[in-house]
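Take a look at the structure set out below.
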Amino acid sequence: MKVAENLIHIRQKVNNACQKVNRTPDEVKLIAVTKYVSIERANEAIVAGILNLGENRDDGLLAKWDVLGDKPLWHFIGTLQTRKVKNIIDKVEYIHSLDRISLAEEINKRALKKIKCLVQVNVSGEESKHGLAPENVMDFIKNLRPYENISIEGLMTMAPYTDDEENLRACFRKLRELREQIKNLDLDFAPCGELSMGMSNDFEIAIEEGATMIRIGTALVGEA
């Protein structure tokens with residue numbers, strides 16, 4: 001199915017989820033995750049009107065950047081190795097996976113402008129997932145004050161892959177509550193307004209629980 005056709009269905013689901021909780025669709029940023037698809041398919045997403053593309057590997061992002069350039073806003077959503085920061089730092093609008101001070105130091109050193117970052121939180125506690133434990137997030141963010149080239153725009157998490165709706169809601173709700181605690185600190189370097197959560201299988205629940213960014217791959221652009 002064409003991306004444009006998928007997009008119609010996704011937007012309808014976004015609208016429905018927003019209506020259920022008295023939100024407006026404008027509050028939710030749709031990120032097309034293009035990590036498994038060709039450059040041509042990624043360009044199809046751009047032509048369909050999608051403004052934000054997400055990649056989780058530096059080589060995948062660079063290959064698409066070489067052809068597509070800055071037509072979309074690029075989001076780096078995968079685990080970012082410190083040594084690879086220099087490859088993508090001048091090409092991304094957001095980094096969704098800040099989870100350690102060594103990475104913050106490298107981003108700050110390499111940045112040519114203030115970089116919008118989200119702190120990755122392992123809300124579910126699964127060993128297979130990256131990110132900070134929720135109880136460590138507050139101190140971690142406070143320790144980012146010296147890094148003048150980093151703005152902490154929000155938090156990101158990956159929920160368990162499950163059909164258990166209550167489990168998913170609990171995961172998303174915990175991230176939202178943590179975000180609210182950080183916002184209440186009123187830190188100038190950490191406005192923390194964004195919640196990046198929800199993927200193809202659970203984005204409607206994520207929206208109902210407050211997501212401001214949803215990362216949609218398979219349901220939107222398909223697979224390779």
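What are the pairs with Cβ atoms under 7 angstrom where one residue, in the range 56-72, is closer than 18 Å to Ile216 by Cβ and part of a helix (DSSP H, G or I) and the other, located anywhere, is among the acidic types (Asp, Glu) and modelled with pLDDT of 95 or more? Sequence gap at least six, or different chains.
Pairs that qualify, where the first residue is closer than 18 Å to Ile216 by Cβ and part of a helix (DSSP H, G or I) and the partner is among the acidic types (Asp, Glu) and modelled with pLDDT of 95 or more, are Leu61/Glu55; Lys64/Glu55.
So, in the range 185-202, how many residues would count as being buried (at least 24 other Cβ atoms within 10 Å of the Cβ) and farther than 23 Å from Ile152 by Cβ?
1
If we keep just the residues of the range 83-142 that are in contact with a Leu (Cβ under 7 Å, 6 or more places away or on another chain) and polar (S, T, N, Q), which is surrounded by the fewest Cβ atoms within 10 Å (Cβ to Cβ)?
That would be Asn87.
What number of residues in the range 73-93 are basic (Lys, Arg), part of a loop (DSSP other than H, G, I, E, B) and in contact with a Lys or Arg (Cβ under 8 Å, 6 or more places away or on another chain)?
0
Specify which of the listed residues (Glu153, Glu177, Glu165) is surrounded by 20 or more Cβ atoms within 10 Å (Cβ to Cβ) and among the acidic types (Asp, Glu). If you could, list the steps in order and put the result at the bottom.
Numbers: Glu177 fails: surrounded by 20 or more Cβ atoms within 10 Å (Cβ to Cβ); Glu165 fails: surrounded by 20 or more Cβ atoms within 10 Å (Cβ to Cβ).
Going through Glu153, Glu177, Glu165 in turn, the sole match is Glu153.
For the range 25-77: of the residues being polar (S, T, N, Q) and over 20 Å from Leu195 (Cβ atoms), which is surrounded by the most Cβ atoms within 10 Å (Cβ to Cβ)? Outline the logic, then answer.
Applying the first criterion (polar (S, T, N, Q)) to the range 25-77 yields 34, 38, 43, 52, 56.
Now narrow it down to the ones that are over 20 Å from Leu195 (Cβ atoms): 34, 38, 43.
Values: Thr34: 29, Ser38: 13, Asn43: 18.
Checked the range 25-77; the qualifying residue surrounded by the most Cβ atoms within 10 Å (Cβ to Cβ) is Thr34.
Test Val47 against the stated conditions and say whether it is under 23 Å from Ser128 (Cα atoms) and of a type outside the set (Ser, Thr, Tyr). Reasoning before the result, please.
Values: under 23 Å from Ser128 (Cα atoms): no; of a type outside the set (Ser, Thr, Tyr): yes.
Criteria not met by Val47.
If you go through the range 8-40, how many residues are in a helix (DSSP H, G or I), within 20 Å of the chain's Cα centre (by Cα) and among the basic types (Lys, Arg)?
Of all residues in the range 8-40, those in a helix (DSSP H, G or I) come to 8-20, 25-27, 39-40.
Right, trim to within 20 Å of the chain's Cα centre (by Cα) and you get 10-11, 13-15, 17-18, 25-27.
Imposing the further condition that a residue be among the basic types (Lys, Arg) reduces the set to 11, 13.
Count: 2.
The values are calculated or read from the model by the stated rules, or taken from the named source; none is laboratory data. Because the structure is a prediction, the values reported are computed rather than measured. No Cβ is skipped: glycine too gets one built from the backbone with ideal geometry, and neighbour counts run over all protein chains shown.
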